[in-house]
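Below is one structure; the comments refer to it alone.
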Amino acid sequence: MCGLMLIIVLCSWIGLMLFAKYSTCDPVGADIIKSPDQILPLFVMEVLGKYPGLPGLLIAGLTSGSLSTISSALNSLTAIITGDFVKHYRPDYSEEKLAVISKIISIVSGIIAFALVFVVAEVNKTIQVAPFATLFHGVLLGPILGAFALGIFFPFTNELGTLLAVIVSVLLSTFVGLGNIFSGRAGLLPDQKLTLSTDGCLLTNHTINDSGKNLFMPRYIGDWKESHANDSFFLKIWSISFLWQPVIGVISTFLLGIIFSGIVNIIRTNSGPKVNESLLSTSLLQLWKILLGQAYLDKWVDYDSPPFTGDPKAKLRRNNDMANCKFKDNEQAFSVSVS
């Protein structure tokens, strides 16, 4: 979280520098560049172009950052598929075989991701895919984090209550995200961008400012608030930035999970399966013990089972040991009855 906040602060700082330099000469409006994504390379070439090696260093940094993101995503995808599916359905596979399978999954995933680049490039000519990709990421990230937080912090939550909370949270985040996208395309949302001008450009495809003076007049920062003060409730909700979508998902899943789990626990006649003690936060478990009492926690927490390791082979060994114990017990009971 701290790293993400630092990245956002640095990106905001870079944006302020770019605005300070190009506020009176908008490169996009002056047809110097074709896309706002090219402003940062343009800034580097204009400011650092006279220093050999520095522009290339920046391009190398951007490229390595992109590659590290892609490699992290592929590694995570491979680990999830191998750990949650291959190991689950084939717990008898050796580590060498799992390593080979994970490499094959990584290669296939990389080829599919590379092929999707061309698909997205063609689709993006008619439909902007980036907002929907951001929506998909924001809609799923928050509910997943909220579900994990529920399982770690609250032993009395259950699978049905958490599932209902995740479904409602996904629908809520989707409603806010889609409303933001379509309302923005319809021009109904407030334009919070600062005003740019091409009056300070020395040579553009437009009329050159003969006076040479900076005619740029900044717009009052509160204009967009005043002009949209009477917007409907839904427009105000849809104007929430996409950066807040995961937060909406976490909070809604967290609160709704507690409420739905409480309702399910009231309706159920039994408390359901207990949670392994090793899967819960130790400090919060002590807090719940003080607030609710040990007798209440005994209904939800399993203190007798061995710590959960997540290894399917360990689970298979435990099942085999239990089966052997039952067989030995039955054998001893049979021998006693015969004797």
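The values are calculated or read from the model by the stated rules, or taken from the named source; none is laboratory data. These numbers were taken from a predicted model, which means no experiment stands behind them. In this analysis, Cβ positions are derived from the backbone assuming ideal geometry, glycine residues included, and neighbour counts consider all displayed protein chains. Accessible surface areas use protein heavy atoms only, side chains included; no ligands, DNA or RNA. Shrake-Rupley method; radii C 1.70, N 1.55, O 1.52, S 1.80 Å.
Of note:
- If only residues of region 9-27 that are β-branched (Val, Ile, Thr) and in contact (Cβ under 8 Å) with a residue 24 or more places away in the chain are counted, the one that is surrounded by the fewest Cβ atoms within 10 Å (Cβ to Cβ) is ILE14.
- Exclusive hit being at pLDDT below 75, of a type in the set (Val, Ile, Thr), surrounded by 12 or more Cβ atoms within 10 Å (Cβ to Cβ) and out of contact with any Leu (no Cβ under 9 Å at 6 or more places or on another chain), set THR198, THR204: THR204
- Taken over region 53-102, the criterion of being of a type in the set (Val, Ile, Thr), open to solvent by 80 Å² or more (accessible area, probe 1.4 Å) and under 23 Å from the mean Cα position of the chain (by Cα) is satisfied by THR69, ILE70, ILE80.
- Residue list for region 117-159, restricted to those being open to solvent by 80 Å² or more (accessible area, probe 1.4 Å) and either modelled with pLDDT of 85 or more or among the aromatic types (Phe, Trp, Tyr) (or both): PHE118, PHE136, LEU141, ILE144, LEU145, PHE148, GLU159
- Whichever residue in region 164-180 is free of Cβ contacts under 8 Å to residues at least 60 places away in the same chain and within 18 Å of the chain's Cα centre (by Cα) and, among such residues, is least open to solvent (accessible area, probe 1.4 Å): THR174
- Exclusive hit being among the aliphatic types (A, V, I, L, M), open to solvent by 40 Å² or more (accessible area, probe 1.4 Å), at pLDDT 80 or above and not in a helix (DSSP H, G or I), set ILE240, ILE258, ILE290, ILE266: ILE240
- For LEU98, the requirement of being at pLDDT 85 or above, touching a helix residue (DSSP H, G or I) at 6+ places or on another chain (Cβ under 8 Å), over 30 Å from LEU194 (Cβ atoms) and not hydroxyl-bearing (Ser, Thr, Tyr) is met.
- Only one entry in PHE114, PHE85 is over 30 Å from GLY257 (Cβ atoms) and in a helix (DSSP H, G or I), namely PHE114.
- Meets criteria (over 16 Å from TYR22 (Cβ atoms) and at pLDDT 90 or above) for THR63: no
- Filtered residue count, region 85-106, keeping only those that are free of Cβ contacts under 8 Å to residues at least 60 places away in the same chain and touching a Leu at 6+ places or on another chain (Cβ under 9 Å): 4
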